[in-house]
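A.B. asks: So that we are looking at the same thing, I have put the structure below in structure tokens.
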Amino acid sequence: MQVSFENPDKVNGLMTITVEESDYKNDVEKELKDYRKKANMPGFRAGQVPMSLIRRRIGGQVKVDVINKVLSDNLEKYLKDNKIDMLGMPLPHEGQEPVDLEKPAPYTFQFDIAVAPEFKAELTAKDKIAYYDIKVDDKLIDQQVDMFASRAGHYEKADVYDPEKRDLLKGDLRQLDENGNTLEGGLELSDESLMPAYFDDEEQKEKFTNAKPGDIITFNPTKAYKGADTQIAALLKVDRDKVGEYTGDFSFHVTEVSRFVKAEVNAELWEGVYGKDSGIKDEAGFREAIAKGLAGQLEGDSDFKFLQDVRKYVTDKIGEVKFPDELLKRILIANNSKNLKTKEDQKKFIDNNYEGSVKELEWDMAKNQLAVANGIKVEDKDVNDAAKEMARMQFAQYGMSNIPEEYVDNYAKEMLKKRETVEQLANRALDRKLTAALKEVVKLDHKEISLDDFNKMLEEDNK
């Protein structure tokens, strides 16, 4: 076997592999013999099928499979031995004619190889990067207290409907005919819940002003939700494709007005949030615990912004990088070939995705260099910890901050069963470890900022 590699511009490589008969013959014979041992054909005992028949039946496919493996193994070995960093996957050389494996060897194959450009990503104590310290002020703590109180709240009966307080109405819903009478055989629902404050139409909202138990109100669901099929279907308990059959008026007989009441800020609330063994004895302690939790969350936000700024700083410092653009575009198209049927589809896909993909590729390469320079490795424990962190965050979104570790572990294990999730978590773990390391390497330019201003800054960054 002969292998050669041409790389005149450092990023576009052409690999040529010439395969002789001796490179694949023995492996083909072994595969055919193994198949013969298990072959079961009419008229022959198991394992006694003539080799000539085996060759005619599967010989060609076995030869193709073996040669493909030989090519793959030798291509990979050459890249590894010569320390060539390939981007994506090798593609058949555009100028090569199809290789006819029906003819005798040797066979010559050529592959286009996208080679990673060489650049150096480096950070030292001489590099100064902003780090935004988000203030935990009384406004933030008040908002968090209000959120906890709302999550632990409940509904109480009220005498009169008040839209400002987002009251909930319960009652009986009946479809009306064109004369305003109950439609015979029409839709009727009992003990239905209704929140007029969330109607899209102001006129329909006003119909329920000062409603009280015993009132019968006529309104139009289609007008109330301005034809939004999902909301109308949910209210009427019908399929979305049936919504068009109910465009007329309905009556709503109010049987109950319920008003949401937030929980009181007392021991019951803070024990529900942090547990009975939290050590919190009064409201001041509750607010202190909230402040501590917010500080941890906001540090994560600050770290996220810091790594964004590191990315811009490093890529600016690297300068322009030459990539094998045309070859990378071919690789992108090949990876998404199922969804790109025409040349027009391919062009649109490249126009929308290529620039962003190359930027991500450059940052991934730079990030890996920084990780190596700082001795950072992502291990199984790091990925598992990232899964647990994500699990806790998801529980926290539902107001569940005092979750037993057993539940967190089980949730994390379920996430780790999906390969794509593992890859995301591994990248998340790398970002976290790299951020912690770089905060110790570069000079941090600390800037105090409110959460509102911090969020506005992130919005500007993402425009």
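The values are calculated or read from the model by the stated rules, or taken from the named source; none is laboratory data. Small disclaimer: the values here were computed from a predicted structure and weren't measured. Using ideal geometry, Cβ is built from the backbone for each residue, glycine included, and neighbour counts are taken over all protein chains shown. For the accessible areas, the whole protein counts, side chains as well, though only heavy atoms, and no ligand, DNA or RNA atoms are used. Shrake-Rupley method; radii C 1.70, N 1.55, O 1.52, S 1.80 Å.
A.B. asks: Report, in whole Å, the centroid distance computed from the Cα atoms of region 1-78 and region 336-353.
C.D. replies: 34 Å
A.B. asks: Over all directions, what mean area does the Cα convex hull of the chain project, stated in square nanometres? The partial results should precede the final answer.
C.D. replies: Numbers: hull surface 150.7 nm².
Convex hull of Cα atoms, orientation-averaged projection: 37.7 nm².
A.B. asks: Where Lys and Arg each count +1 and Asp and Glu each count -1, what net charge lies around residue 149 among other residues with Cβ under 13 Å from its Cβ? Write out the running numbers ahead of the final one.
C.D. replies: Numbers: positive: 151, 262, 287; negative: 142, 146, 264, 268, 283.
The answer is -2.
A.B. asks: What do you get for the angle between helix 380-397 and the principal long axis of the chain? Use alpha-carbon atoms, 0 to 90 degrees, nearest ten.
C.D. replies: Helix 380-397 and the main axis of the chain meet at about 20 degrees.
A.B. asks: So how exposed is residue 164, as accessible area in Å² (1.4 Å probe, rounded to 10)?
C.D. replies: Rounded to the nearest 10, that gives 150 Å².
A.B. asks: In the chain, what percent of the accessible surface is made up of carbon and sulfur (1.4 Å probe, ligands and nucleic acids excluded)? Could you put the intermediate results ahead of the total?
C.D. replies: Numbers: 13460 of 29030 Å².
It is 46 percent, rounded to a whole number.
A.B. asks: Could you report the accessible area of residue 232 in Å², rounded to 10, computed with a 1.4 Å probe on the protein chains as they sit in the structure?
C.D. replies: Surface open to solvent at residue 232 totals about 0 Å².
A.B. asks: Using a Förster distance of 56 Å, how high is the FRET efficiency between residue 200 and residue 322, based on the Cβ-Cβ distance and rounded to 0.05? Kindly include the intermediate steps, with their values, before the conclusion.
C.D. replies: Details: r = 54 Å, r/R0 = 0.96.
According to the calculation, E is roughly 0.55.
A.B. asks: I would also like to ask the following. Any idea what angle helix 405-415 forms with the longest principal axis of the chain, computed on alpha-carbon atoms, 0 to 90 degrees, nearest 10?
C.D. replies: Helix 405-415 sits roughly 50 degrees off the main axis of the chain.
A.B. asks: Here's a follow-up. Would you list, by chain and number, the lysines whose Cα falls below 25 Å from the Cα of residue 343, excluding same-chain residues fewer than 8 positions away?
C.D. replies: 329, 359
A.B. asks: Oh, and also: So what is the calculated 222 nm ellipticity per residue for the chain, using -39500 (n - 2.57) for each DSSP H run with n of 4 or more, over all residues, to the nearest 500 deg cm²/dmol? Each step should come with its number before you reach the end.
C.D. replies: Numbers: 15 runs with 220 residues, N = 463.
For the chain, the value works out to -15500 deg cm²/dmol.
A.B. asks: Also, quick follow-up: Could you give me the ³J(HN,Hα) list for region 47-58, computed from phi with Karplus coefficients 6.51, -1.76, 1.60 and θ = phi - 60°, whole Hz, x at Gly and Pro?
C.D. replies: Whole-Hz 3J(HN,Hα) from phi for region 47-58: x, 10, 5, x, 4, 4, 5, 4, 4, 5, 6, 10.
A.B. asks: List the residues whose amide H sits under 5 Å from the amide H of residue 133, counting only those 5 or more places along or on another chain, with H placed 1.01 Å from N in the peptide plane.
C.D. replies: Sorted by chain and number, the residues that satisfy this are 447, 448, 449.
A.B. asks: ³J(HN,Hα) across region 297-305 via Karplus (A = 6.51, B = -1.76, C = 1.60, θ = phi - 60°), whole Hz, x for Gly/Pro?
C.D. replies: 5, 5, 5, x, 5, 5, 5, 4, 5
A.B. asks: I've got another one for you. Give me the accessible area per residue for the chain, probe 1.4 Å, as a whole number in Å². Before the final figure, lay out the partial values.
C.D. replies: Details: 29030 Å² over 463 residues.
The answer is 63 Å² per residue.
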